[in-house]
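Trainee: Got a structure for you, questions after.
Here, each number is a calculation from the coordinates, and none is a lab measurement. None of the values given here were measured: they were computed from a predicted structure. Here Cβ is always computed from backbone atoms with ideal geometry, including for glycine, and neighbour counts include all displayed protein chains.
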Amino acid sequence: MELKLILLFMVFGAVIAVKIEDLLSSVIAVGAVGLGLSMAFLVLKAPDLAITQLVVEILCLIILIRATINKDLPLIKDGRWFFNTVATLLFIASFLMFAYFALLELPDFGKPIMRVAGSYIANGLAKTGAANIVASIILDFRGYDTLGEATVLFTAVIGVLAIIRKVGRIKK
Amino acid sequence: MKKSDKGMTLIVKTITRLTVGLILLYGIYIVLHGHISPGGGFAGGVIIALSFIHLMLAFGKEFALKKLSQAAASLLENLGALMFLGIALAGLTGGYFFLNFFINKGKPFTLFSAGIIPLCNIAICLKVGAGLFAIFAALILFDSSQENK
Amino acid sequence: MTEYILCLALFCIGLYCVLRKRNIIKIIIGLGIMEYAVNLFFVLVGYKTGGRAPILAKDQVVSNMVDPIPQALVLTSIVIGLAVTALIVAIAIRLFERYGTFDITKIRRLKG
């Protein structure tokens with residue numbers, strides 16, 4: 001029950017973040033959605049994810065506020081109202097049609113298929129010695145995933161430093 | 001008066017001086033206990049980066065960059081990536097990539113246990129923390145360089 | 001089933017925001033909302049009714065736990081999402097410095 005309430009809170013927060021005109025209020029509303037997601041992770045029995053989502057949300061909020069503050073922005077109107085809305089609604093409708101067929105195939109909520117996870121839970125402590133099963137999965141059983149993640153993070157940092165830098169730009 | 005122009009007011013500075021060490025200590029605790037309790041390298045790295053960002057927001061950018069300059073942050077990030085790759089390659093001595101190569105993994109549910117997992121946590125913490133701090137410092141420095149023009 | 005439908009509604013709101021709005025900051029917000037919805041969906045699929053968090057305690061026998069594999073995948077995905085958001089914000093700040101606006105149609109018009 002409390003999970004549904006938290007999800008409803010997140011949906012309302014997202015609607016406010018999309019609909020409000022002021023950019024700073026919009027950023028703060030999306031921060032509220034992220035904190036709701038952190039609570040939802042806690043209810044879904046994922047404490048690692050709750051801690052990570054909480055601190056990442058704070059940092060994301062600081063970066064987004066940094067991007068929007070101190071810029072006196074003019075109000076941007078959404079032009080071509082009719083055509084844009086119809087195209088968007090058509091796209092969402094086609095997406096929902098695929099989502100309907102996908103939802104028919106899913107297992108019911110609360111009854112996952114744990115074919116691989118069963119052996120991880122049964123042998124995790126004996127094979128790695130770590131009490132936290134999530135840590136033993138991301139760093140031992142599926143270490144390649146984490147290596148790829150480290151590569152993506154490295155690429156993102158290099159990208160930001162290359163976009164932001166001042167020296168070395170060619171001026172015509 | 002000139003000194004207080006940089007950063008925020010006196011109240012914020014005093015509170016920051018009291019709390020920033022505790023935040024850093026909490027991040028280190030989260031990283032080191034990642035294999036026996038919730039947490040781990042990702043969350044701990046972000047908390048450590050947040051402690052330096054806290055310093056930067058409260059005291060101005062020069063003060064924080066004196067503690068950890070941008071070049072040092074890039075160096076630490078590369079060090080974390082190389083350490084993670086080195087741990088993964090060291091498994092090749094016993095057979096395959098990412099082998100948990102310690103024979104004696106220690107007693108479970110204690111701090112020194114689980115073989116390579118705490119070492120990997122420390123490597124990831126260095127990588128995530130230093131990388132995010134480098135990103136944030138670059139964004140801040142860019143904004144202030146625009147005002148000078 | 002209600003949980004899946006609410007999660008889908010969250011994704012659709014993000015999709016609407018990305019497709020319909022013309023402000024770059026709004027588009028970044030829409031991408032963030034879609035990312036939240038996808039992470040939430042992964043964890044919802046792995047939830048087991050009455051299950052426990054996947055952390056072993058010292059002298060207790062494990063009977064039923066939630067699925068730990070989606071949690072491990074989402075844990076890496078959250079941090080990647082933050083780095084990608086920072087990259088998009090950097091590009092947006094560069095565009096603002098060049099064109100003086102966040103409106104994507106004006107940016108396209110000034111190009112050629």
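Trainee: Counting only Cα, what are the radius of gyration and maximum Cα-Cα distance Dmax of chain C, in Å?
Mentor: Looking at chain C, its Cα Rg and Dmax stand at 19.7, 70 Å.
Trainee: With +1 on each Lys and Arg Cβ and -1 on each Asp and Glu Cβ, and nothing else charged, work out how big the dipole of the stretch B:3-148 is about its Cα centre, in Debye to the nearest 20.
Mentor: With Lys and Arg at +1 and Asp and Glu at -1, about 380 debye.
Trainee: Helix A:23-43 versus the longest principal axis of chain A: what is the Cα-based angle in degrees, 0 to 90, to the nearest 10?
Mentor: It is inclined by approximately 10 degrees.
Trainee: Give me, ordered by chain and number, the residues 5 or more places off C:K48 or on other chains with an amide H under 5 Å from its own placed amide H.
Mentor: C:D67
Trainee: When each pair of different Cα atoms in the protein assembly as shown is counted once in the 1/r mean, what is the Kirkwood radius in angstroms, to one decimal?
Mentor: Value: 23.2 Å, from the Cα pair sum.
Trainee: Based only on other Cβ atoms within 10 Å, what is the fewest-to-most ordering of C:F102, B:F133, A:F9?
Mentor: Ordered from fewest to most neighbouring Cβ atoms within 10 Å, C:F102, B:F133, A:F9 come out as A:F9, C:F102, B:F133.
Trainee: Also, I was wondering about something else. For chain C, which span is the longest to avoid every loop-located (per DSSP) member of trypsin sites (Lys or Arg not before Pro) having at most 10 other Cβ atoms inside 10 Å?
Mentor: Formally, the longest exposed-site-free interval is C:1-57.
Trainee: Would you compute, from DSSP H runs of 4+ residues alone, the mean residue ellipticity of chain A at 222 nm, taking -39500 (n - 2.57) per run and dividing by the full residue count, rounded to the nearest 500?
Mentor: -25000 deg cm²/dmol
Trainee: Sticking with this structure for a sec: May I ask for the angle, rounded to the nearest 10°, between helix A:81-105 and the longest principal axis of chain A, with both axes built from Cα atoms and the value confined to 0 to 90°?
Mentor: 10 degrees
Trainee: So how do B:Y29, C:Y47 line up by other beta-carbon neighbours within 10 Å, fewest first?
Mentor: Lowest count first: B:Y29, C:Y47.
Trainee: Also, I was wondering about something else. Sort C:M65, B:M8 so the one with the fewest other Cβ atoms within 10 Å of its own Cβ comes first.
Mentor: So the ranking, lowest neighbour count to highest, is B:M8, C:M65.
Trainee: From the cross-link list B:K13/B:K66; A:K111/B:K107; B:K127/C:K26, which pairs have alpha carbons spaced over 26 Å apart?
Mentor: A:K111/B:K107; B:K127/C:K26
Trainee: Mind checking the mean number of beta-carbon atoms from other chains within 10 Å of the Cβ atoms in A:109-116?
Mentor: That average works out to 6.
Trainee: Within 10 Å of each Cβ in peptide B:60-72, how many partner chain Cβ atoms are there on average? Round it to a whole number, please.
Mentor: Other-chain Cβ atoms within 10 Å of each residue's Cβ, averaged: 0.
Trainee: Work from the charge dipole of the stretch B:3-148 (Cβ charges, +1 for Lys and Arg, -1 for Asp and Glu, about the Cα centre) and give the residue of B:F142, B:L22, B:A90 farthest towards its positive end.
Mentor: B:L22
Trainee: Angle between the Cα long axis of helix C:24-45 and the longest principal axis of chain C, 0 to 90 degrees, nearest 10?
Mentor: That works out to roughly 20 degrees.
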